[in-house]
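Okay, so here's the structure we're looking at.
Values in this text are rule-based calculations from the coordinates and carry no lab data. Small disclaimer: the values here were computed from a predicted structure and weren't measured. Quick reminder, even Gly has a Cβ in these numbers, built from the backbone with ideal geometry, and neighbours come from all protein chains shown.
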Amino acid sequence: MEKVVSAAYLRQVYNGKRVFLTGHTGFKGSWLLQILHSLGANVKGYSLAPEKSNDLYNQIGGDKLCYSSVIADISDKQKLQTELVRFEPDFVFHLAAQPLVRRGYDMPSYTFMVNAQGTAHVLDAMRNLKQPCTGVMITTDKVYDNPERGLPFAEDDKLGGYDPYSASKASAEIVIDSYRRSFFNPAKYDTHKTSIAAARAGNVIGGGDYSDDRIVCDIVRAISFGETVGLRNPQSVRPWQHVLEPLGAYLLLGAKMTEDPVRYSTAYNFGPNPDEMLTVEDLVKIFIDHYGAGDYKDVSDSSALHEAKLLLLNSNKAMADLGWQPMMDGRTAIQWTAAWYADRHRPAHEKCMAQIADYF
């Protein structure tokens, strides 16, 4: 892989810096925590407790990688504000979310509260900071109004969302833009010293994800019990990307924002090459082949709750502005993921750090 984001560059930016990371106990948060710790950053995490005892955060000993770990709810505005402001962060990476489409159908109001209102709580807390701060707000590739025409979405396309999860993340984007215009306007940066960007990526795969209703987790779970993997939407196309791709992009974006906080205070897509049209069935075939075990069957149901069949991102803006580009194709991302789960001998933290070293 050609290195786009180097560890040396990131270490220059983040070494010794205070990073406030929401959602640090989640799947992506646990990977980002490990990267930031390896770069020499002092990370204060703010998140709910891990949902399961075998979650990645527990496997990697996440508490030991944090300067401080706060287990609390993003909806607790006063608690969040106290913890964030007291820490005086140089960077805020906001990953805390209700991240599942089908759970969004089961808990719609909760999903809107966490994803939209929770984002407002983070931004509101940042208004009380007295020192310069860079904020990267993480949303998703599903923030766009999706008529499924096969065209990759660009950052200025219409926001929307059929299901509650997608709509809640589109709402979060509107919240971010409102705070950026109203309180953190780039034209007045010299006054408030706060730079805010939104990062849109999704369909992330990688080792250590044990969430419900995610395809890789379903495969690993089925194989471990000797069952056949059931595919709800085998022909759905997704922008599959290894977890290190968006995390490297978030860190690069944060670094660039410190160089020019006005220019980069905007929204960016981070997705794989849109020419890579891999379906859910393609992913499962590649994963099973590389893992060395497993089987699958089509269990699609025309009466099931709506999930988008086709989703593609246009990342030209990030490529032009940031010099970013995806380093893995979809097949490689799936193979790296399968290799992580197939390696049953090394501890989770060791496996993660080996892939982090290879990537950066």
If a/c stays under 1.5 just call it rounded; otherwise compare a/b with b/c (prolate if a/b is bigger, oblate if not). Do that for the stretch 106-199, with a ≥ b ≥ c from the square roots of the Cα gyration tensor eigenvalues.
oblate
Taking every DSSP bridge whose two residues both lie in the chain, the antiparallel percent to the nearest 5 is 5 percent
Sorted by average packing, counted as other Cβ atoms within 10 angstrom per residue and highest first, what order do 320-330, 205-215, 231-241, 91-101 take?
91-101, 231-241, 205-215, 320-330
If you plug each phi of the stretch 248-253 into the Karplus form 6.51 cos²θ - 1.76 cosθ + 1.60 with θ = phi - 60°, what whole-Hz ³J(HN,Hα) values come out, in order, with x for Gly and Pro?
x, 5, 4, 5, 5, 4
For residue 321 and residue 71, FRET efficiency with R0 = 30 Å and r from the beta-carbon atoms, rounded to 0.05?
0.25
Enumerate the aspartates and glutamates that residue 158 could reach by cross-link, defined here as Cα to Cα under 12 Å, with residues fewer than 8 away along the same chain left out.
145, 173
If amide hydrogens are placed 1.01 Å from N in the peptide plane, which non-local residues have theirs closer than 5 Å to the one on residue 229?
295, 296, 297
So if R0 is 25 Å, what FRET efficiency would residue 51 and residue 342 give, r being the distance between their Cβ atoms, rounded to the nearest 0.05?
0.55
Extension gain, residue 156 back to residue 79 (0.36 nm per residue minus Cα-Cα distance, nm):
24.3 nm
So, in Å, what gap is there between the alpha-carbon centers of the stretch 192-243 and the stretch 8-54?
20 Å
In Hz, Karplus ³J(HN,Hα) per residue of the stretch 86-101 (6.51, -1.76, 1.60; θ = phi - 60°; x = Gly, Pro):
4, 6, 6, x, 7, 9, 10, 10, 9, 10, 4, 6, 8, x, 10, 5
Pull out the extension gain between residue 277 and residue 191, defined as 0.36 nm times the separation in residues minus the alpha carbon to alpha carbon distance; nm, one decimal.
26.4 nm
Ordering of 274-283, 46-55 by burial proxy (mean other Cβ atoms within 10 Å per residue, highest first):
274-283, 46-55
A correct Kirkwood calculation over the Cα atoms of the chain returns a hydrodynamic radius in Å of 20.5 Å
